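Peer 1: Here's a structure for you.
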Amino acid sequence: MRLSRRSVLAGSVAAAGAAAVAHAAPASNAPRFSLGYAPHEGSFASRGDRLEQIAFAADQGFTAWEDNEAAGRPVAEQTAMARALQQRGMAMGVFVASMPRWGDFRPQLGGGDDTDREAFLSDIRASIEVAKRLDAKWATVVPGFLDRRIPADIQTARIVDTMRRAAEIVEPHGLTLVMEPLNTLVNHPGVFLQTIPQGFAVARGVNSPAVKILADLYHEQIQAGNLINTLDACWNEIGYIQFGDNPGRNEPGTGEINYRNIVRRLRAKRYAGVIGMEHGNSVEGRAGEERLVAAYRAIDAA
């Protein structure tokens with residue numbers, strides 16, 4: 001999860017006439033997927049603007065949508081997206097409640113200075129109105145970067161304290177903050193939260209239904225692997241799931257993760273939440289979009 005990633009996805013989009021073509025395309029009347037897979041802007045870029053992509057996704061049977069950058073969009077755009085999702089019976093997945101400053105390796109929520117923690121909590125307060133407009137139940141947080149001058153155990157305790165304060169802010173509003181562990185080997189060197197089990201320890205320390213883990217299986221596969229056993233062990237603290245294959249961070253079937261077996265496990269656990277499609281398309285254009293839908297049909301049939 002990074003702001004520039006959506007820009008990269010959007011940059012791969014089609015030309016100016018795509019929206020008009022998409023607007024005229026007939027609905028597919030495809031059956032709804034059995035799990036809540038959630039595309040995002042760029043997943044179906046050739047079909048038009050954000051609202052047209054939502055309509056196309058609904059026509060393909062998708063029942064949810066993600067938008068990491070929603071908090072930074074104008075209120076009118078947030079409202080229009082929420083209306084489009086409601087009209088198509090689609091759930092809103094995560095948006096990012098507090099965007100890290102990637103190039104600065106900040107915030108350091110476990111550091112010795114309260115400035116980063118207070119700024120983070122200010123972002124959390126601001127996210128409440130965004131969530132209400134979007135009818136969103138989950139918001140992503142990244143608990144900052146490591147401060148290599150401070151023992152990891154001390155940083156963990158400070159992050160637990162910070163997330164407890166964040167939980168007190170959002171819990172009365174029915175919003176759940178999902179902490180995302182990120183890999184340090186390919187994408188995000190220096191982040192504090194690096195694995196789902198580490199997130200489990202923090203969530204247990206916070207001990208609130210308003211703070212859970214975002215299990216992004218692309219990141220976990222790179223950092224630690226052992227996905228099914230990890231999901232089982234940490235299940236009670238997992239609030240949200242995202243898919244993406246490795247290597248390449250594209251749709252299921254393009255890498256090493258057996259997403260058919262992951263889907264079987266989620267069904268066995270009666271998972272009824274959203275599954276973010278937090279990845280790109282391995283092939284550009286409409287052929288890639290068709291391949292994306294086919295990939296999810298294949299794993300959904302597991």
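Peer 1: So Pro209 passes all but one of these: (1) in a loop (DSSP other than H, G, I, E, B); (2) under 12 Å from His279 (Cα atoms); (3) of a type outside the set (A, V, I, L, M). Which condition number does it fail?
Peer 2: Looking at each condition in turn, Pro209 falls short on (2).
Peer 1: From the list Leu185, Leu193, pick out the single residue that is more than 18 Å from the chain's Cα centre (by Cα), closer than 24 Å to Asp147 by Cα and part of a loop (DSSP other than H, G, I, E, B).
Peer 2: Matching residue, one of Leu185, Leu193: Leu185.
Peer 1: For residues in the stretch 258-302 being in a loop (DSSP other than H, G, I, E, B) and among the hydrophobic types (A, V, I, L, M, F, W, C), which is farthest from Phe62 (Cα to Cα)?
Peer 2: We begin by selecting, within the stretch 258-302, every residue in a loop (DSSP other than H, G, I, E, B); these are 258, 269-273, 278-284, 301-302.
Keeping just the survivors that are among the hydrophobic types (A, V, I, L, M, F, W, C) gives 272, 283, 301-302.
Working: Ala272: 14, Val283: 20, Ala301: 14, Ala302: 17 Å.
Filtering the stretch 258-302 for residues that are in a loop (DSSP other than H, G, I, E, B) and among the hydrophobic types (A, V, I, L, M, F, W, C), the one farthest from Phe62 (Cα to Cα) comes out as Val283.
Peer 1: Looking at Asp135, Asp147, Asp161, Asp153 in this structure, which one is surrounded by 16 or more Cβ atoms within 10 Å (Cβ to Cβ) and among the acidic types (Asp, Glu)?
Peer 2: None of the others qualify; the one that does is Asp147.
Peer 1: Same structure again: If you scan the stretch 135-182, which residues turn out to be on the phi < 0 side of the Ramachandran plot and in contact with an Asp or Glu (Cβ under 8 Å, 6 or more places away or on another chain)?
Peer 2: If the condition is that a residue be on the phi < 0 side of the Ramachandran plot and in contact with an Asp or Glu (Cβ under 8 Å, 6 or more places away or on another chain), then Thr140, Val141, Val142, Gln155, Glu180, Pro181, Leu182 are the ones that fit.
Peer 1: Here's another thing I want to ask about it. Give the residue that is surrounded by the most Cβ atoms within 10 Å (Cβ to Cβ), with candidates limited to residues of the stretch 73-115 that are assigned to a strand (DSSP E or B) and not charged (D, E, K, R).
Peer 2: Ala97
Peer 1: Inside the stretch 41-56, can you point out the residues that are crowded, with 24+ Cβ neighbours inside 10 Å and not in a helix (DSSP H, G or I)?
Peer 2: The answer is Ser43, Phe44.
Peer 1: Which condition breaks for Arg249 when tested against (1) surrounded by fewer than 19 Cβ atoms within 10 Å (Cβ to Cβ); (2) at positive phi?
Peer 2: (1)
Peer 1: Next question. Looking at (1) in contact (Cβ under 8 Å) with a residue 60 or more places away in the chain; (2) in contact with a Cys (Cβ under 7 Å, 6 or more places away or on another chain); (3) β-branched (Val, Ile, Thr), which is the one condition that is false for Val263?
Peer 2: It is condition (2) that Val263 fails.
Peer 1: Exactly one of (1) surrounded by 18 or more Cβ atoms within 10 Å (Cβ to Cβ); (2) free of Cβ contacts under 8 Å to residues at least 40 places away in the same chain; (3) closer than 26 Å to Lys137 by Cβ is unmet by Gly276. Its number?
Peer 2: (2)
Peer 1: Determine whether Val186 is buried (at least 18 other Cβ atoms within 10 Å of the Cβ), of a type outside the set (Phe, Trp, Tyr) and under 18 Å from Gln223 (Cβ atoms).
Peer 2: Criteria not met by Val186.
Peer 1: Right, another one. Across the stretch 26-84, what is the number of residues that are in contact with a His (Cβ under 9 Å, 6 or more places away or on another chain), of a type in the set (S, T, N, Q) and free of Cβ contacts under 8 Å to residues at least 60 places away in the same chain?
Peer 2: Going through the stretch 26-84 one residue at a time, the tally reaches 1.
Peer 1: Moving on to the next point. Could you say which residue among Gly225, Gly248, Gly255 is part of a loop (DSSP other than H, G, I, E, B), free of Cβ contacts under 8 Å to residues at least 40 places away in the same chain and either hydroxyl-bearing (Ser, Thr, Tyr) or within 27 Å of Ala152 (Cβ to Cβ) (or both)?
Peer 2: Sole residue among the options that is part of a loop (DSSP other than H, G, I, E, B), free of Cβ contacts under 8 Å to residues at least 40 places away in the same chain and either hydroxyl-bearing (Ser, Thr, Tyr) or within 27 Å of Ala152 (Cβ to Cβ) (or both): Gly225.
Peer 1: Given the criterion over 21 Å from the mean Cα position of the chain (by Cα), of a type outside the set (A, V, I, L, M), part of a helix (DSSP H, G or I) and surrounded by fewer than 15 Cβ atoms within 10 Å (Cβ to Cβ), identify the matching residue among Glu118, Glu129.
Peer 2: Working: Glu129 fails: over 21 Å from the mean Cα position of the chain (by Cα).
Just one listed residue meets the conditions, Glu118.
FYI, it's all coordinate maths here, none of it is from the lab. Quick caveat: nothing in here was measured; it's all calculated off a predicted structure. All Cβ positions, glycine included, derive from the backbone under ideal geometry; neighbour counts span all protein chains shown.
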